[in-house]
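Trainee: What follows is a structure written as structure tokens; I'll ask about it next.
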Amino acid sequence: MTTITVEALERRVVEESFVDFLDFCYVEEPGKGAVRYEKWPHLLALAGLLLVWRLLAWLKARQIGATWLVAAYVLWKAMYHPSEVILLLSKRETDAKVFLKKCVFIYQNLPAHLRVQMEDTTQELRFPQGNSRILAMPSSPETGRSETVTVVVVDEADFQPYFDVNYAALKPTIDAGGQMILLSTSNPYSQDSKFKELY
């Protein structure tokens, strides 16, 4: 008779289900440290959309958990799915690194039996087991032209000066079966932006 451990069952479940993966995720709250991720109804609804929509534009408010949810999603994709190349695109290099650090924080607070091998730099996470990686890059006119990616996350898209150019360069990601996730609060000085048009 084969014995299956609880840890092995949990690993199998989270590999297959992003929503169940969230049960093991912790986020960082100022003054509190690591706090278990709360699956609020609006975040569960978005988690479901992340799994099926290839182009998602989310006009968000601050402090509602959107960025942490997407950080958990791209980490889950890179850890448990082979050959994922995920691009985190932010306005500045420092912003891109902050987004990537959210992925690292979630990874470091996972139970050991749910982790896979990860190689970490300030701008890239590599997962050798499945040959997947997460890249953090600032927006520039050249971004996305030389990299073939499976998932693109554009943070604060409505504030990025090169968003129109980047969108045009990265749109083939969606056409090839990949995914583009656009997150942003509203830029009050840009009423007819490409992000708002897509939203």
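The values are calculated or read from the model by the stated rules, or taken from the named source; none is laboratory data. The structure presented is a predicted model; accordingly, all values stated were derived computationally and were not measured. Please note: Cβ atoms are built from the backbone with ideal geometry, for glycine as well, and neighbour counts cover all protein chains shown. Surface accessibility is based on the protein's heavy atoms, side chains included, excluding ligands, DNA and RNA. Shrake-Rupley method; radii C 1.70, N 1.55, O 1.52, S 1.80 Å.
Trainee: How large is the helix-only mean residue ellipticity at 222 nm for the chain, computed as the sum of -39500 (n - 2.57) over DSSP H runs with n ≥ 4, divided by its residue count, in deg cm²/dmol to the nearest 500?
Mentor: When only DSSP H runs of four or more count, the value is -11000 deg cm²/dmol.
Trainee: Quick one: plug the Kirkwood hydrodynamic radius of region 43-149 (C-alpha pairs) into Stokes-Einstein at 37 °C, 0.692 mPa s, and report D in µm²/s.
Mentor: 226 µm²/s
Trainee: While we're on this one: Once Rh for region 84-199 is found with the Kirkwood sum over Cα pairs, what is the Stokes-Einstein diffusion coefficient at 20 °C and 1.002 mPa s, in µm²/s?
Mentor: Reported coefficient: 144 µm²/s.
Trainee: If you count only protein heavy atoms with a 1.4 Å probe, what accessible area per residue comes out for the chain, rounded to a whole Å²?
Mentor: Value returned for the chain: 51 Å² of accessible area per residue.
Trainee: Starting from the amide H of C25, placed 1.01 Å from N in the peptide plane, find each other amide H under 5 Å away whose residue is 5 or more places distant or on another chain.
Mentor: Excluding prolines and chain starts, which carry no amide H, the hits are Y37.
Trainee: Let me ask you something else. Spelling out what I want: for every residue of region 181-190, take phi, set θ = phi - 60°, compute 6.51 cos²θ - 1.76 cosθ + 1.60 (Karplus), and round to whole Hz; glycine and proline get x.
Mentor: 10, 10, 10, 6, 7, 8, 8, x, 9, 9
Trainee: Right, here's the next one. Leaving out ligands, DNA and RNA, and with a 1.4 Å probe, what % of the accessible surface on region 44-186 is carbon or sulfur?
Mentor: 52 percent
Trainee: Turning to a different aspect of this structure: Mind checking the angle between helix 66-80 and the chain's longest principal axis? C-alpha axes, 0 to 90 degrees, to the nearest 10.
Mentor: Computed tilt is about 60 degrees.
Trainee: Give the long-range amide H neighbours of M180: residues separated by 5 or more places, or on another chain, with amide H under 5 Å away, using H modelled in the peptide plane at 1.01 Å from N.
Mentor: L55, L56, V152
Trainee: Non-local amide H neighbours of E156 (under 5 Å, H modeled in plane, Pro and chain starts lacking H): which ones?
Mentor: When sequence neighbours closer than 5 places are left aside, the close amide H contacts are L183, S184, T185.
Trainee: Right, another one. Across every pair of different alpha-carbon atoms, what Kirkwood hydrodynamic radius in Å does region 141-196 reach?
Mentor: 11.6 Å
Trainee: Still on this structure, I have one more. Could you give the spread of the C-alpha atoms of region 1-102 along their three principal axes, from largest to smallest, in whole angstroms?
Mentor: 55, 35, 27
Trainee: Here's something else I'd like to know. Starting from the Cα of L51, step 7 Å along the direction of its Cβ; do the same at R36; then give the gap between the two resulting points in nm.
Mentor: Label-label distance for L51 and R36, simple model: 2.1 nm.
Trainee: Could you tell me how many degrees, from 0 to 90 and to the nearest 10, lie between the Cα long axis of helix 6-16 and the main elongation axis, the longest principal axis, of the Cα atoms of the chain?
Mentor: 30 degrees
Trainee: Kirkwood Rh over Cα pairs of the chain into Stokes-Einstein at 20 °C, 1.002 mPa s: D in µm²/s?
Mentor: Estimated diffusion coefficient is 124 µm²/s.
Trainee: So what's Rg/Rh here for region 53-108, counting alpha carbon atoms and using the Kirkwood radius for Rh?
Mentor: A ratio of 0.95.
Trainee: What do you get for the angle between helix 93-108 and the principal long axis of the chain? Use alpha-carbon atoms, 0 to 90 degrees, nearest ten.
Mentor: 10 degrees
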